[in-house]
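To keep things clear, I will list the structure first and then write my remarks on it.
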Amino acid sequence: MQTRLSRDTHSEHTTPLLAIPLFRDDALPGRRHPALDRLTGGLLERALESRDFEGREEQELLLYVRGGEGLEAGPQRLLLLGAGKRDDAEADLMRRLAGRTVRRAESLRITGVSLALPQDLPDGLAPKAAVQAAAEGLVLAAWNFRELHSPATGQDERDPVRVMEGALLVEADDPALEEARRVGSAFAEGQNLARDLQSRPGNVATPSHLAEVALGLADRFGLGATILGPAEMEAEEMGALLSVARGSDEEPRLIVLEHRGGKEGERPLALVGKGLTFDSGGISIKPASGMEDMKFDMSGGAAVLGAMHAIGALGLPVNVVGVGPSSENLINGSANKPGDIVRARSGKTIEIINTDAEGRLILADALSWVIDHHRPAAVVDCATLTGACVVALGHHAAAVLGTDEALVEELRTAGDRASERCWPLPLWKPYRKQLESTFADLRNVGGRPAGTITAAWFLSEFTGETSWAHLDIAGTAYGESELPYRRSKGAFGFPTRLLLEWVRGRAG
Ligand code: BES
Ligand code: MN
Ligand code: ZN
């Protein structure tokens with residue numbers, strides 16, 4: 001999807017579909033919209049008088065533009081989008097409006113759309129934030145994972161239409177709005193990459209596939225790339241990561257991308273994402289029902305690659321290192337067994353109580369590696385780490401925990417800006433006791449109580465004094481959604497936008 005800004009008026013803007021949001025107070029009977037009335041021959045006025053359209057968010061009204069001289073010019077159809085109460089408007093409303101526009105275009109089989117920015121935005125929604133979010137909504141909504149379906153013949157009316165062009169109509173001639181469009185578009189393209197990777201099944205998106213994709217990004221955006229395979233991991237003594245990988249025929253990879261947009265020598269921000277390309281649970285095997293969703297266990301790694309895509313494309317003025325430890329968690333004769341004790345790269349020994357708590361094992365070695373090799377100013381990891389997180393926060397927020405309160409708060413507010421929310425859980429000392437082991441330095445599970453907190457405690461054992469925070473995205477990375485800029489089912493690319501808002505905030 002290509003996005004652009006346009007300063008056309010409604011009537012001079014040539015497009016098959018022009019979406020116009022109306023807040024409730026713009027949809028009162030008697031409210032005049034002279035330009036729209038002219039275009040529709042008075043039909044809008046009648047619709048408002050009938051109260052059939054009151055500007056509520058679930059309402060839409062498609063009107064055809066009255067013909068006349070100069071038929072080719074101007075919009076062919078107007079889509080009035082209920083936008084709810086003006087005072088409730090926030091950035092995510094713009095994503096939803098853009099998503100609704102794209103969905104309607106798909107059902108009309110139209111490949112180019114335009115969306116007008118609502119008039120008189122409330123104080124809580126700055127035009128820049130509105131344009132960024134609208135661009136995100138257009139690009140995100142247009143995404144559809146079709147690469148593993150047979151190619152469309154063009155003959156079948158069930159072949160989905162791909163909306164390719166989206167224009168945003170703005171009034172002000174302000175270069176900051178063009179920059180906001182560029183940022184929103186890039187953030188969403190990065191998130192769409194994450195969703196592609198998430199959607200690819202375990203037999204396609206293997207650790208080496210993710211590494212190939214990362215090398216492609218490095219090429220395209222001039223990023224530094226380092227890929228560690230089993231031999232390099234042995235040399236680094238990554239006993240925790242390797243113990244998980246040994247249970248599978250597929251080789252593990254530690255994927256590292258470096259964006260050097262900041263000052264020479266400035267300590268980078270580190271993004272680390274769990275790239276477990278299929279989680280069977282190992283010997284502590286998962287139930288069969290729903291196990292296919294465990295291809296999404298690389299969602300954290302996918303989001304990090306998506307974020308690096310956008311960071312590279314935008315050339316953000318900051319140094320960032322993105323890291324994706326990637327492995328399968330399967331069951332062969334060399335797989336981890338409950339009771340096994342492995343030595344992590346940091347030197348700590350871990351008693352594996354449950355082979356299904358594998359994410360923290362591969363993250364432990366990735367965290368200590370990036371801290372030792374890159375001396376990051378701050379580390380943020382994201383991982384589909386615990387089912388307990390889904391119980392605690394459901395599907396509307398990730399959990400955020402860390403050793404740096406200020407960093408946790410930065411991530412929380414970045415999540416608000418991105419509408420990819422996260423909410424803090426405490427990393428208090430008493431929880432640490434649940435990880436004590438009789439036979440090793442720590443065990444890899446802390447029992448049923450507070451599973452998200454004990455998992456984060458485990459990770460913190462490998463982050464030393466570095467400013468660090470962790471996002472548990474088990475409930476938010478994929479699933480079912482009612483948001484118009486997502487698909488009803490599947491990959492969300494969460495928390496790509498959150499990470500990007502955080503990085504951009506740090507870039508100043
Ligand atoms: N990948 C899973 C966590 C998960 C669960 C993600 C549900 C998405 C949806 C992780 O590797 C795992 O299996 N965690 C275990 C940990 C337990 C054994 C301590 C869990 O949460 O059950
Ligand atoms: Mn697991
Ligand atoms: Zn897992």
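Worth a mention:
- All Cα pairs of segment 121-280, percent lying beyond 22 Å: 61 percent
- Euclidean distance between Cα centres, segment 4-57 to segment 341-410, Å: 50 Å
- The length gained by stretching the chain between GLU266 and HIS395 to full extension, at 0.36 nm per residue less their Cα-Cα distance, is 42.8 nm.
- 24 Å Cα cut-off, lysine pairs counted over the chain (separation 8 or more, or different chains): 15
- The chain: calculated mean residue ellipticity at 222 nm from DSSP helix runs of at least 4, using -39500 (n - 2.57): -11000 deg cm²/dmol
- As a fraction of the 1.4 Å probe accessible area of the chain, surface on carbon and sulfur atoms comes out at 48 percent.
- Rounded, prolate or oblate (a/c below 1.5 giving rounded, otherwise prolate when a/b exceeds b/c) for segment 370-448 by Cα gyration tensor: oblate
- Counted charge near GLU292, where neighbours are those whose Cβ lies closer than 15 Å (Asp, Glu -1; Lys, Arg +1): -1
- Take the chain with all the other protein chains still there, run a 1.4 Å probe, and you get 41 Å² of accessible area per residue.
- Cα coordinate range in the chain, projected on the principal axes (Å, largest first): 83, 48, 43
- Here segment 2-170 is treated as a sphere whose radius is the Kirkwood value from Cα pairs; by Stokes-Einstein at 4 °C and 1.567 mPa s it diffuses with a coefficient of 79 µm²/s.
- Ordering of 332-339, 349-356 by burial proxy (mean other Cβ atoms within 10 Å per residue, highest first): 349-356, 332-339
- DSSP bridge analysis restricted to segment 2-170 gives an antiparallel fraction near 20%, rounded to the nearest 5.
- Calculated FRET value between ASP25 and LEU108, using beta carbons and R₀ = 22 Å, to 0.05: 0.15
- Rounded, prolate or oblate (a/c below 1.5 giving rounded, otherwise prolate when a/b exceeds b/c) for segment 181-231 by Cα gyration tensor: oblate
- Cut-off of 10 Å, at most 12 other beta carbons, DSSP loop: longest stretch of the chain lacking such chymotrypsin sites (Phe, Trp or Tyr not before Pro): 1-427
The values are calculated or read from the model by the stated rules, or taken from the named source; none is laboratory data. The structure displayed is predicted, hence computed values, not measured ones. Reconstructed Cβ throughout: ideal geometry from the backbone, glycine too, with neighbour counts over all protein chains shown. What goes into the accessible areas is simple: the full protein's heavy atoms, side chains included, and nothing from ligands, DNA or RNA. Shrake-Rupley method; radii C 1.70, N 1.55, O 1.52, S 1.80 Å.
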